[in-house]
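Notes for the one structure printed next.
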Amino acid sequence: MTKVTREKFGDLPHGEGTVEKFLLKSDVVEVEIISLGCIITALKTKNRDGKFSDVVLGFDHLEGYIKKHPYFGAVIGRVSNRIAQGKFVVEGKEYHLAINNGPNSLHGGLKGFDKVVWAPEVLPDGVRFFRVSPDGEEGYPGELKVWVTYTLNNEELTINYKAESSKTTPISLTNHAYFNLAGQGSPNIYDHEFTIEADFYLPVDETQIPTGEVASVQDTAFDLRDPVVLGNHLEKFQLSGFDHNFCLKQAKEPQFCARVYHPPSGRTIEVYTTQPGIQFYTGNFLDGSLKGKGDCVYPKHSGFCLETQNWPDAVNRPNFPNALLHPEEEYRHTTCFKFFVSGMPLQQCSRDV
């Protein structure tokens, strides 16, 4: 059984409103989520000795989330990942977005979904957040109504995304949690074992935009279909880290796509999704300059992200999965994170909103 409680997390400056925190608690997982950016601020799971540890990076107080940070725990939108040169064409009209990542637009622009307060609704087993993104917000067409629902069922955290638009618009929603299964504040993730169930990945150019090729992982550093220990793998292939989209077999019901296992603690995450892609990111741009929870610093490779989403720059690539939501349609996707110890499997994840 899940217990849900709510409390004040802090006040935004300049009288911009109050941010609330919601605690979802089962016997084996505890998740804290705030109404600013639908941010997962803490996620505690047990190790094989039954000890709880917080396994996501972030901050103790609201102030940290108001300042610039690398999207810790946040919902990303209207479009996650990168759009080349911050422009696209929809129904014959060219739209221009803020350029905030080299020559490209990243994660919804200057004030994306991660930087706004959402309206919460407490559920018996979770919390649902809602907001209206106005027509033209950050350059995107159409008024977009968005619902993001977090539910906790024993070891399973499910995120449901739903949206409706008044005009045709690109959309790709995800959550940008940074995990470290040794416990947040641990110096790196080199001893984690990663598996990604993908036969293809997207090569990128020097600005992290896909080249357009859908490449086989066979005989490359991107073949993660069998478990690899990250530190050994990066050394073997002389990689500085991963920040790449892996191409998934999309289905109406959530399908297994990734597993991460931490042998010292026994903690394991499995990811299931209806999305066509998963961005595997190993915290390459963390540099130790941010002080997080408990005054911990977060150096390079101290956390990893498994961002289920559409493929980067899909709105500009006809051969990529469709990125457009039309007025008569409903955007609906589900991602499940399952947490367990030493290979103890979980029940099939649910897709109810």
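Structure summary
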read-out: Residue ID - farthest from Thr195 (Cα to Cα), chosen from residues in the stretch 221-271 that are aliphatic (A, V, I, L, M) and surrounded by fewer than 18 Cβ atoms within 10 Å (Cβ to Cβ); value: Ala251
read-out: When residues of the stretch 34-63 are limited to those that are touching a Phe, Trp or Tyr at 6+ places or on another chain (Cβ under 8 Å) and of a type in the set (Lys, Arg), the one modelled with the highest pLDDT; value: Lys44
read-out: Members of the stretch 38-77 found to be more than 25 Å from Trp147 (Cα to Cα), buried (at least 20 other Cβ atoms within 10 Å of the Cβ) and either in contact with a His (Cβ under 8 Å, 6 or more places away or on another chain) or among the hydroxyl-bearing types (Ser, Thr, Tyr) (or both), listed by number; value: Thr45
read-out: Residue list for the stretch 102-122, filter: out of contact with any helix residue (DSSP H, G or I) (no Cβ under 8 Å at 6 or more places or on another chain) and in contact (Cβ under 8 Å) with a residue 60 or more places away in the chain; value: Gly102, Phe113, Asp114, Lys115, Val116, Val117, Trp118, Ala119, Pro120, Val122
read-out: Qualifying residue in the stretch 69-77 (condition: hydroxyl-bearing (Ser, Thr, Tyr), in a loop (DSSP other than H, G, I, E, B), modelled with pLDDT of 95 or more and in contact with a helix residue (DSSP H, G or I) (Cβ under 7 Å, 6 or more places away or on another chain)); value: yes
read-out: Residue match in the stretch 19-33 (condition: part of a loop (DSSP other than H, G, I, E, B), within 21 Å of Gly303 (Cβ to Cβ), modelled with pLDDT of 95 or more and under 18 Å from the mean Cα position of the chain (by Cα)); value: no
read-out: Which listed residue, of Ser302, Ser240, Ser265, Ser342, is modelled with pLDDT under 95 and among the hydroxyl-bearing types (Ser, Thr, Tyr); value: Ser342
read-out: Qualifying residue in the stretch 217-233 (condition: assigned to a strand (DSSP E or B) and either touching a Lys or Arg at 6+ places or on another chain (Cβ under 8 Å) or not hydrophobic (A, V, I, L, M, F, W, C) (or both)); value: no
read-out: Members of the stretch 204-216 that are touching a strand residue (DSSP E or B) at 6+ places or on another chain (Cβ under 7 Å), part of a loop (DSSP other than H, G, I, E, B) and in contact (Cβ under 8 Å) with a residue 24 or more places away in the chain; value: Thr207, Gln208, Ile209, Val214
read-out: Flag for Phe88 being of a type outside the set (Lys, Arg), assigned to a strand (DSSP E or B) and either surrounded by 19 or more Cβ atoms within 10 Å (Cβ to Cβ) or without any contact (Cβ under 8 Å) to a residue 12 or more places away in the chain (or both); value: yes
read-out: Residues being surrounded by 19 or more Cβ atoms within 10 Å (Cβ to Cβ) and either over 19 Å from the mean Cα position of the chain (by Cα) or of a type outside the set (Gly, Ala, Ser) (or both) - total across the stretch 99-115; value: 5
read-out: Residue satisfying all of: in the stretch 149-165; of a type in the set (Ser, Thr, Tyr) and under 17 Å from Glu32 (Cβ atoms); surrounded by the fewest Cβ atoms within 10 Å (Cβ to Cβ) among these; value: Thr149
read-out: Search result, residues across the stretch 313-337 that are surrounded by fewer than 23 Cβ atoms within 10 Å (Cβ to Cβ) and either among the hydroxyl-bearing types (Ser, Thr, Tyr) or in contact with an Asp or Glu (Cβ under 7 Å, 6 or more places away or on another chain) (or both); value: Glu330, Tyr331
read-out: Pairs, first closer than 24 Å to Gln208 by Cβ in the stretch 243-257, second modelled with pLDDT of 95 or more and surrounded by fewer than 14 Cβ atoms within 10 Å (Cβ to Cβ), C-beta under 8 Å, six or more apart; value: Asp243/Asn284
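Let's see how each residue does on (1) assigned to a strand (DSSP E or B); (2) more than 25 Å from Lys8 (Cβ to Cβ):
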| site | (1), (2) |
| --- | --- |
| Leu110 | no, yes |
| Asp114 | no, no |
| Val122 | yes, no |
| Phe129 | yes, no |
| Thr151 | yes, no |
| Tyr161 | yes, yes |
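Residue-wise test of (1) of a type in the set (A, V, I, L, M, F, W, C); (2) within 25 Å of Gly58 (Cβ to Cβ); (3) buried (at least 23 other Cβ atoms within 10 Å of the Cβ).
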position	(1), (2), (3)
Thr273	no, yes, yes
Phe285	yes, yes, no
Gly292	no, yes, no
Asp295	no, yes, no
Trp311	yes, no, yes
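Quick grid of which residues meet (1) in contact (Cβ under 8 Å) with a residue 60 or more places away in the chain; (2) among the polar types (S, T, N, Q):
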position: Thr5; (1), (2): no, yes
position: Lys8; (1), (2): no, no
position: Glu30; (1), (2): no, no
position: Leu36; (1), (2): yes, no
position: Ser53; (1), (2): yes, yes
position: Gly58; (1), (2): yes, no
position: Ile66; (1), (2): no, no
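The values are calculated or read from the model by the stated rules, or taken from the named source; none is laboratory data. Please read all numbers here as calculations on a predicted model, not as lab measurements. When we count neighbours, we look across all protein chains shown, and the Cβ atoms used for this are built from the backbone with ideal geometry, even at glycine.
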